[in-house]
Amino acid sequence: MSQEDVLPEESAASSETSGGSTPASDGAEAATPSGNLNEQLNLLSQQVEENWDKFVRTQAELENFKRRSEKDLQDARKFGLEKFARDLLPVADSLELGLGIEISDNPEAEKLHEGMALTLKQLMATLEKFNVVPVDPVNERFNPELHQAMAMQPTDEAEPNTVIKVYQKGYLLNGRLLRPAMVVVSQAVN
C-alpha cells in the first residue's frame, strides 16, 4: 500500500469523525442562503414599490394642495371686498331714491340734488373700480340666476318673461352675484 492510497481514506474517515460536511452536503447548505437572499430581494423590491407609490401619491397631494391654495388666495383677492361692497349697496340705493324725488324751483333743493348726483356718481365710480357692477335688466329676458321676481304683470307691450320694471338694482362682484335685481316680470295676457 502506498502513501497516496492511505491519505484519501484517512481524510475521508477524519472528516466523518470530525462532523465535517461532504462536498454534496456543502451544495445543499449553499442553496439555503441563496434562497434567503431571493426572499430578501423580493421583500425589498416590494418595499421599494410601496415607497415609490407613497412618494408619487404624496407628490400628487402636494400639487393639489398647492393648486387649492393658489385658488383660495385668488378668490380672497377677488372677493375679499364682498361684505364691504354689500354693505355699501344700500347707500347707493338711498342716493338713487333721493335723486328720484321731484324738486321744486327751490335753489337750495336743486343744490342738494346736484350734490347727491355727484356723490352717487363718485360712489358708482369707486364701486366699478373694484369690479362691482350694477345689474339693471329692464327689457331683458328674466334670468333667475341674476334676478329675483317680485311680481308678474300681464302685458302685451313686452314678450312674456321679460323684465318690465326694476324695484332694486342687483350687483355683481367680479362676476359673482352680490345681490339679485328685484324685478317685475311680464306675463302673457289671457
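The values are calculated or read from the model by the stated rules, or taken from the named source; none is laboratory data. Everything quoted here is computed from the prediction, not taken from an experiment. Cβ atoms come from the backbone with ideal geometry, glycine included; neighbour counts cover every protein chain shown.
Looking at segment 94-101, can you tell me whether even one residue there is modelled with pLDDT of 85 or more and either hydroxyl-bearing (S, T, Y) or within 18 Å of N131 (Cβ to Cβ) (or both)?
Among the residues of segment 94-101, at least one is modelled with pLDDT of 85 or more and either hydroxyl-bearing (S, T, Y) or within 18 Å of N131 (Cβ to Cβ) (or both), which makes the answer yes.
Residue-wise test of (1) surrounded by 16 or more Cβ atoms within 10 Å (Cβ to Cβ); (2) in the same structural domain as A85 (by TED's automatic domain parsing); (3) closer than 15 Å to E82 by Cβ.
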residue: P134; (1), (2), (3): yes, yes, no
residue: N143; (1), (2), (3): no, yes, no
residue: I164; (1), (2), (3): yes, yes, no
residue: K169; (1), (2), (3): yes, yes, no
residue: L173; (1), (2), (3): yes, yes, yes
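I'd like to verify a number: residues in segment 139-190 that are of a type outside the set (G, A, S), more than 27 Å from T126 (Cβ to Cβ) and not in a loop (DSSP other than H, G, I, E, B), how many?
Result for segment 139-190: 11.
Looking only at segment 46-93, which residues are under 23 Å from E128 (Cα atoms) and either touching a helix residue (DSSP H, G or I) at 6+ places or on another chain (Cβ under 8 Å) or of a type in the set (V, I, T) (or both)?
Scanning segment 46-93 gives A85, L88, V91, A92.
Considering only segment 83-102, how many residues are of a type outside the set (A, V, I, L, M, F, W, C) and either exposed (fewer than 11 other Cβ atoms within 10 Å of the Cβ) or not assigned by TED's automatic domain parsing to the domain that holds A181 (or both)?
4
Would you be able to say whether some residue in segment 74-82 is closer than 17 Å to G170 by Cα, in a helix (DSSP H, G or I) and at pLDDT below 90?
yes
Being in contact with a Gly (Cβ under 6 Å, 6 or more places away or on another chain), of a type outside the set (S, T, Y) and at pLDDT 90 or above narrows it down to one of P180, P134, P144, so name that one.
Only one candidate passes the filter, namely P180.
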